[in-house]
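**Student:** Would you mind keeping the following structure in view while I ask a few things?
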Amino acid sequence: MTKALKSSALVVTSLWVGVLFCLGFIVAPYLFILAAKHNPRVPDSGAAADLIGPLLYGSDVVGLFVGTGLIAVLLYLRRRDEVPMAGRLYLTEIGVGLAVICAGVNYWVFTPRLKAIQGQLAERFGAFHLADRADPLYRQFDGLHQTSTTLFLVGFAAALVGLICMTQFRPRRSQSPSGPA
């Protein structure tokens, strides 16, 4: 049972980290590059944001569920005397927990605020991508967006630390009496 749980936790974490990597380092930059080139499929930054936004939102939801499940599995494995690399420091659980916190803050705090400001800018300028970069509301959006992006990257790094630690599960050494009595 523990062998199946360790393998499953490793596969799920690998997929989770892979999704975060693809979204943050491949899909989002690619969409905004297309927008900068005024590609007909992604004609502006508003279209790029409309495409990547739901994917990032979904990754936050996945992070909340997967991360919470992983922490439960890791704690169960500890009770079975199976510990990941840096086990005494609880580095794996801290990494996964930090990734869950980052996903939660983005999901509940930043995404609603960013969407609200994006909507206000679209009303004010006719479309989000037409917003004046000097407008105080746009600067507020930009600050929130940078913070959200940083939080995403911290969550990615934390999940990656958790994954690296999970590659090295070891049985905990039992406390046996030292020598014959």
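**Student:** Hey, any hits in the range 36-48 for a residue that's within 22 Å of residue 130 (Cβ to Cβ) and either in contact with a strand residue (DSSP E or B) (Cβ under 7 Å, 6 or more places away or on another chain) or among the acidic types (Asp, Glu) (or both)?
**Tutor:** Checked the range 36-48: at least one residue is within 22 Å of residue 130 (Cβ to Cβ) and either in contact with a strand residue (DSSP E or B) (Cβ under 7 Å, 6 or more places away or on another chain) or among the acidic types (Asp, Glu) (or both).
**Student:** Could you identify the single residue in 74, 56 that is touching a residue at least 40 places away in the same chain (Cβ under 8 Å) and under 15 Å from residue 9 (Cβ atoms)?
**Tutor:** Details: 56 fails: under 15 Å from residue 9 (Cβ atoms).
Exactly one residue qualifies, and that residue is 74.
**Student:** On to the next question. Which members of the range 34-51 meet the condition of being surrounded by fewer than 18 Cβ atoms within 10 Å (Cβ to Cβ) and over 23 Å from residue 112 (Cα atoms)?
**Tutor:** Residues satisfying the conditions are 36, 37, 38, 39, 40, 41, 43.
**Student:** Right, residue 31: assigned to a helix (DSSP H, G or I), crowded, with 18+ Cβ neighbours inside 10 Å, of a type outside the set (Val, Ile, Thr) and touching a residue at least 60 places away in the same chain (Cβ under 8 Å) or not? Steps first, answer last, please.
**Tutor:** Values: assigned to a helix (DSSP H, G or I): yes; crowded, with 18+ Cβ neighbours inside 10 Å: yes; of a type outside the set (Val, Ile, Thr): yes; touching a residue at least 60 places away in the same chain (Cβ under 8 Å): no.
No, not satisfied.
**Student:** Before we move on, is residue 111 of a type in the set (S, T, N, Q), under 19 Å from residue 18 (Cα atoms) and in a helix (DSSP H, G or I)?
**Tutor:** Working: of a type in the set (S, T, N, Q): yes; under 19 Å from residue 18 (Cα atoms): no; in a helix (DSSP H, G or I): yes.
No; evaluated as a whole, the condition is false for this residue.
**Student:** Here's another thing I want to ask about it. Taking the range 18-71 on its own, how many of its residues are over 23 Å from residue 108 (Cα atoms), in contact with a helix residue (DSSP H, G or I) (Cβ under 6 Å, 6 or more places away or on another chain) and not aromatic (Phe, Trp, Tyr)?
**Tutor:** 5
**Student:** Another question, then. Starting from residues that are crowded, with 19+ Cβ neighbours inside 10 Å and out of contact with any Phe, Trp or Tyr (no Cβ under 6 Å at 6 or more places or on another chain), keep the ones in the range 52-70 and report whichever is farthest from residue 165 (Cα to Cα).
**Tutor:** Within the range 52-70, the first condition is being crowded, with 19+ Cβ neighbours inside 10 Å, and the residues that meet it are 52, 56, 59-60, 63, 66-67, 70.
In the following step, the residues that additionally are out of contact with any Phe, Trp or Tyr (no Cβ under 6 Å at 6 or more places or on another chain) were identified as 52, 56, 59, 63, 67, 70.
On the way: 52: 30, 56: 25, 59: 22, 63: 18, 67: 14, 70: 13 Å.
This residue is 52.
**Student:** Which residue out of 51, 64 is free of Cβ contacts under 8 Å to residues at least 40 places away in the same chain and either part of a helix (DSSP H, G or I) or in contact with a strand residue (DSSP E or B) (Cβ under 8 Å, 6 or more places away or on another chain) (or both)? Walk me through it before giving the result.
**Tutor:** Details: 64 fails: free of Cβ contacts under 8 Å to residues at least 40 places away in the same chain.
Being free of Cβ contacts under 8 Å to residues at least 40 places away in the same chain and either part of a helix (DSSP H, G or I) or in contact with a strand residue (DSSP E or B) (Cβ under 8 Å, 6 or more places away or on another chain) (or both) holds for just one of 51, 64, which is 51.
**Student:** Output the residues belonging to the range 88-117 that are surrounded by 15 or more Cβ atoms within 10 Å (Cβ to Cβ) and more than 22 Å from the chain's Cα centre (by Cα).
**Tutor:** Matches in the range 88-117: 117 only.
**Student:** On the given criteria, is residue 122 surrounded by fewer than 16 Cβ atoms within 10 Å (Cβ to Cβ), touching a helix residue (DSSP H, G or I) at 6+ places or on another chain (Cβ under 8 Å) and either small (Gly, Ala, Ser) or not in a helix (DSSP H, G or I) (or both)?
**Tutor:** On the way: surrounded by fewer than 16 Cβ atoms within 10 Å (Cβ to Cβ): yes; touching a helix residue (DSSP H, G or I) at 6+ places or on another chain (Cβ under 8 Å): yes; either small (Gly, Ala, Ser) or not in a helix (DSSP H, G or I) (or both): yes.
Yes, satisfied.
**Student:** Now, a different point. In this structure, does residue 140 turn out to be among the polar types (S, T, N, Q), under 27 Å from the mean Cα position of the chain (by Cα) and not in a helix (DSSP H, G or I)? Show your work before the answer.
**Tutor:** Numbers: among the polar types (S, T, N, Q): yes; under 27 Å from the mean Cα position of the chain (by Cα): yes; not in a helix (DSSP H, G or I): no.
No, not satisfied.
Coordinate-derived values only; no laboratory data. Predicted, not measured: the structure shown is a model, and the values here were computed from it. Heads up, the Cβs are rebuilt from the backbone with ideal geometry, glycines too, and the neighbour counts pull from every protein chain shown.
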